[in-house]
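The values are calculated or read from the model by the stated rules, or taken from the named source; none is laboratory data. Since we're looking at a predicted model, the values are computed, not measured. Cβ placement follows ideal geometry from the backbone for every residue including glycine, while neighbour counts extend to all protein chains displayed. When the accessible area is computed, the model is the full protein with side chains, heavy atoms only, and any ligands, DNA or RNA have been set aside. Shrake-Rupley method; radii C 1.70, N 1.55, O 1.52, S 1.80 Å.
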Amino acid sequence: MGPKLFVSALLIMILLLISSCTKTVYVTVTPSPTPIPTSVPASTPSPTATPIPTPMVTSTPAPTFIPMVTPTPTPMPTPTPMPTPAPTPVVMYNLNTSVNPPGSGTITPSSGSYESGRTVGLWVTPNTGYKFVGCHAEQPSSWSPFYFTESGNVVTVTMPDHDVMIVANFEVPQYSVTVSTNPPGYGLVCSAGGCWFGVRYFNYGTSLTFTTTPVNGYQFVSWSGDVTGTNPSITITMDSNKNIVANFSPIPAPTPTPVHYYTVTTVSSPSYGGTISPSTPSVVGGTTLTFTATPAPGYQFVSWWADVSGTNPSVTLTVYSNAQVGANFEPIPFPTLTPTPTS
């Protein structure tokens, strides 16, 4: 029986008990009649008054009081708490990474703990001089296989129910060098490995120096392709594929220089005082001549004049136009005789 039903039944019993103990007391009261005054003659004796009986009061005895008995409530049973089920523990597995060869790149994140079925993204970054070539998983044969996918430098791993080691593989990239000449066959392109044409491959960071040697009748003009310049020697560093073209052209025939002839006139003053050599009436422009003055007997050279000057008997002249070379002569003076005094 529930607590509320018990209390309701108790209240009904109390009400029934009170109803059975209640009695109605009736009291009958007979009032005396009020006398009516009457005028009686003096001579008439007063009649004897009839006494009025005292009314009887009949009362019903009070009912016996029955004390209320408060029933002791029946204690409610304490409900037994339902046990809380323990949460199922989440098993975490380790994801570790490494790079091959060491120092060739990085993986982010490098490690972590994840539940089975969790998808984890890894970002692979190669160091300078390396390129990413793919991943592999290191796992004992007793482990169940798991899967990962690669898209560019992003590796997506779906965690299995065991620890995982992901290895990112890197390598030093190689780039091609394509060497040619323009026009073909009119020169050579040489490096430390010799002269060659076509394609060769070199590791990233390799330094190469190329020089050109044109064939007879041709000259080196310039570099083109992935290099520029007019120096016959050029150095490149391999950081991408390279195309090198050496350009040659025929050596132009020399332009003939026009020949100009000029007249050089020699004049002795006086004419009999001496001679000037050489005596060249026609001279090619740009020729340098040396002139010498020779005095006649009894004469001596004095100086040069016209287009030359000086007192040295020899003088040079570079001919760029018509010119005149003059030499001054004069008689050799006789010695003065001093008379000897006689005694």
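Assorted remarks:
- Taken over the stretch 315-343, the criterion of being open to solvent by 60 Å² or more (accessible area, probe 1.4 Å), under 26 Å from P295 (Cβ atoms) and in a loop (DSSP other than H, G, I, E, B) is satisfied by I332, P333, F334, P335, T336, L337.
- Single residue of T237, T288 found to be open to solvent by 60 Å² or more (accessible area, probe 1.4 Å), in contact (Cβ under 8 Å) with a residue 24 or more places away in the chain, out of contact with any Gly (no Cβ under 8 Å at 6 or more places or on another chain) and among the polar types (S, T, N, Q): T288
- Of all residues in the stretch 85-114, those satisfying the criterion of being open to solvent by 40 Å² or more (accessible area, probe 1.4 Å) and in a loop (DSSP other than H, G, I, E, B) are P85, A86, P87, T88, P89, V90, V91, P101, P102, G103, P109, S110.
- Residues satisfying the stated conditions in the stretch 90-117, i.e. without any contact (Cβ under 8 Å) to a residue 60 or more places away in the chain, under 21 Å from H162 (Cα atoms) and of a type in the set (G, A, S): S110, S111, G112, S113, S116, G117
- Within the stretch 115-129, the residues that satisfy the criterion of being within 22 Å of D239 (Cα to Cα), outside any strand (DSSP E or B) and open to solvent by less than 70 Å² (accessible area, probe 1.4 Å) are N127, G129.
- The residue pairs whose first member lies in the stretch 268-284 and is free of Cβ contacts under 8 Å to residues at least 60 places away in the same chain and hydrophobic (A, V, I, L, M, F, W, C), whose second member is surrounded by fewer than 11 Cβ atoms within 10 Å (Cβ to Cβ) and not in a strand (DSSP E or B), and whose beta carbons are closer than 9 Å, counting only pairs six or more residues apart or on different chains, are V284/V259.
- Single residue of the stretch 311-325 satisfying the filter (in contact (Cβ under 8 Å) with a residue 12 or more places away in the chain and β-branched (V, I, T)) that is nearest to G274 (Cα to Cα): V325
- Strands (runs of 3 or more DSSP E) wholly inside the stretch 255-313 that include at least 3 residues being of a type in the set (A, V, I, L, M, F, W, C): 288-295, 299-306
- For the stretch 224-266, residues that are among the aromatic types (F, W, Y) and under 30 Å from A323 (Cβ atoms) total 2.
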